[in-house]
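Submitted below is the structure of interest, expressed as structure tokens.
The values are calculated or read from the model by the stated rules, or taken from the named source; none is laboratory data. Remember, predicted model here, so these are calculated numbers, not experimental data. Neighbour counts run over all protein chains shown; Cβ positions are idealised from the backbone, glycine included.
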Amino acid sequence: MDSEVVFIGLGNMGLPMALNLVRSGLGVSGHDLMPASVEKFVAGGGTNNPDLVSAIKAAKTIITMLPASRHVESAYFGDHGILAQASPGALLIDCSTIAPESARKVAATASQKGFTMVDAPVSGGTGGAAAGTLTFMVGGSVAGFDLAKPFFEIMGKAIFHAGESGSGQTVKMCNNMLLGILMIGTSEAIRLGMANGMDPKVLSEVMSKSSGRNWTLEVYNPCPGVMENAPASKDYSGGFGVDLMLKDLGQATENALSTSSSIPLGSLARNLYDIHSKSGAGGLDFSSIFNMLGKAK
Ligand code: NAD
């Protein structure tokens, strides 16, 4: 049976997002380079057409959730890529976090070939992906936004049309630079409190109701044991990898150079995550930056 939707990239985010589409009743063929991820998708009720090219040809909608610009460009371009194989009229949605200029490049080629394409990066973490409460920040035409919105309503809660192609990625770039900075600031504050004998749970609870409140403190606390479901309490596994945050801060740094923007804290955050990654933490959740700031007394 042909699937209405092809979903490429079943990682920490893509797997729960694609499974929410399956639960909504859509026929979804899921694809990933890692057989174990495809197996989890099929175990959750999804299907997999082992012939990706024929799956792409048959799909009405193709959604990608890949790590970085280079993965997205290689999935869309080339003789076996999505733009060469998709059927006329297919709707293309890229939910990966990539550089705005890369999103514009893919969308422009898609448009030349007659496809409607939107960039639609997300926020809300793996918890939001599983719960179907992601925020979508969408770049593309109004018509493209309207066509893609029913899919976003299944996978998310807050859905914004940010503007032309690449705008979704621009908003996401700004958001993740702020997120990276906030995670370091929250970690510093909790470490300082602990060094003064504070219980990190009490400290976090009080700051969550005070002017220092932010998402990394309230929802994604970096100190192990403060929040049962946060990656910090699961040995920093799953979640949002250090190397993905490093990629996002690298994109912000390159963009700041090309737009003559001053991002002193964004640049510092990029360097701190880079050092953390080089210490061997690249695959851990980004809240593990907490460990870089030393041990509590
Ligand atoms: P991940 O590394 O867990 O998953 C990416 C998946 O893509 C992997 O399973 C990988 O095997 C697969 N893949 C790579 N190249 C492929 C190809 N050519 N064909 C098929 N599959 C391929 O990453 P993730 O955490 O799921 O993040 C995906 C994207 O979402 C990234 O751009 C990330 O920055 C962004 N994002 C992540 C989070 C988060 O909390 N993890 C939150 C918001 C946005």
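Consider VAL118 carefully, then state whether it is touching a His at 6+ places or on another chain (Cβ under 8 Å) and either part of a strand (DSSP E or B) or under 20 Å from ASN221 (Cα atoms) (or both).
Spelling it out, it is not the case that VAL118 is touching a His at 6+ places or on another chain (Cβ under 8 Å) and either part of a strand (DSSP E or B) or under 20 Å from ASN221 (Cα atoms) (or both).
Out of ALA143, ALA148, ALA158, report the one residue that is away from the ligand (no atom under 12 Å from the Cβ) and in a strand (DSSP E or B). Even if it seems obvious, please write down each step before you answer.
On the way: ALA143 fails: in a strand (DSSP E or B); ALA148 fails: in a strand (DSSP E or B).
Among ALA143, ALA148, ALA158, only ALA158 is away from the ligand (no atom under 12 Å from the Cβ) and in a strand (DSSP E or B).
Could you tell me whether GLY239 is under 27 Å from LEU15 (Cα atoms), free of Cβ contacts under 8 Å to residues at least 24 places away in the same chain and within 16 Å of the ligand (Cβ to nearest atom)?
no
Quick test of your reading of the structure: ILE8 fulfils all but one of (1) touching a residue at least 60 places away in the same chain (Cβ under 8 Å); (2) more than 11 Å from the ligand (Cβ to nearest atom). Name the failing condition by number.
The failed condition is (2).
Suppose we filter LEU265, LEU179 for residues that are in a helix (DSSP H, G or I), more than 16 Å from the ligand (Cβ to nearest atom) and either farther than 13 Å from SER288 by Cα or of a type in the set (Phe, Trp, Tyr) (or both); which single one remains?
LEU265
Quick one: would you say LEU203 is in the same structural domain as ILE275 (by TED's automatic domain parsing) and over 22 Å from the mean Cα position of the chain (by Cα)?
In short, yes.
Now for a separate question. Look at the stretch 87-131 and say how many of its residues are more than 18 Å from GLY166 (Cβ to Cβ), crowded, with 24+ Cβ neighbours inside 10 Å and more than 8 Å from the ligand (Cβ to nearest atom).
0
Six or more apart or on different chains, Cβ atoms under 6 Å: show the pairs whose first residue is in the stretch 116-140 and closer than 12 Å to THR97 by Cα and whose second is more than 8 Å from the ligand (Cβ to nearest atom) and of a type in the set (Val, Ile, Thr).
Filtered contacts from the stretch 116-140: ALA120/ILE93; ALA120/VAL138; SER123/THR135; PHE136/ILE159; MET137/VAL171; VAL138/VAL118.
Quick one: VAL138 ticks every box in (1) farther than 25 Å from PHE77 by Cα; (2) in a strand (DSSP E or B) bar one, so which box is it?
With (1) farther than 25 Å from PHE77 by Cα; (2) in a strand (DSSP E or B) applied to VAL138, the lone miss is (1).
Out of the residues in the stretch 19-39 that are more than 19 Å from ILE154 (Cβ to Cβ) and surrounded by fewer than 21 Cβ atoms within 10 Å (Cβ to Cβ), which is farthest from the ligand (Cβ to nearest atom)?
Of everything passing the filter in the stretch 19-39, GLU39 is farthest from the ligand (Cβ to nearest atom).
Would you pick out the residues in the stretch 132-164 that are buried (at least 24 other Cβ atoms within 10 Å of the Cβ) and more than 22 Å from LEU15 (Cβ to Cβ)?
GLY139, GLY140, GLY144 - these are the residues of the stretch 132-164 that are buried (at least 24 other Cβ atoms within 10 Å of the Cβ) and more than 22 Å from LEU15 (Cβ to Cβ).
So, one more: Could you identify the single residue in SER233, SER279, SER287, SER260 that is closer than 19 Å to LEU178 by Cβ and modelled with pLDDT of 95 or more?
Of the residues listed, the single one that is closer than 19 Å to LEU178 by Cβ and modelled with pLDDT of 95 or more is SER287.
Name the single residue that is nearest to the ligand (Cβ to nearest atom) among those in the stretch 74-86 being assigned to a helix (DSSP H, G or I) and surrounded by 18 or more Cβ atoms within 10 Å (Cβ to Cβ). Outline the logic, then answer.
Going residue by residue through the stretch 74-86, those that are assigned to a helix (DSSP H, G or I) are 74-76, 82-85.
So of that shortlist, the ones also surrounded by 18 or more Cβ atoms within 10 Å (Cβ to Cβ) come out as 75-76, 82-83, 85.
Values: ALA75: 5, TYR76: 10, ILE82: 10, LEU83: 14, GLN85: 14 Å.
Filtering the stretch 74-86 for residues that are assigned to a helix (DSSP H, G or I) and surrounded by 18 or more Cβ atoms within 10 Å (Cβ to Cβ), the one nearest to the ligand (Cβ to nearest atom) comes out as ALA75.
Taking LEU66 and the conditions (1) more than 12 Å from the ligand (Cβ to nearest atom); (2) within 20 Å of THR170 (Cβ to Cβ), which numbered condition does it fall short on, given that it satisfies the others?
The one condition LEU66 does not meet is (1).
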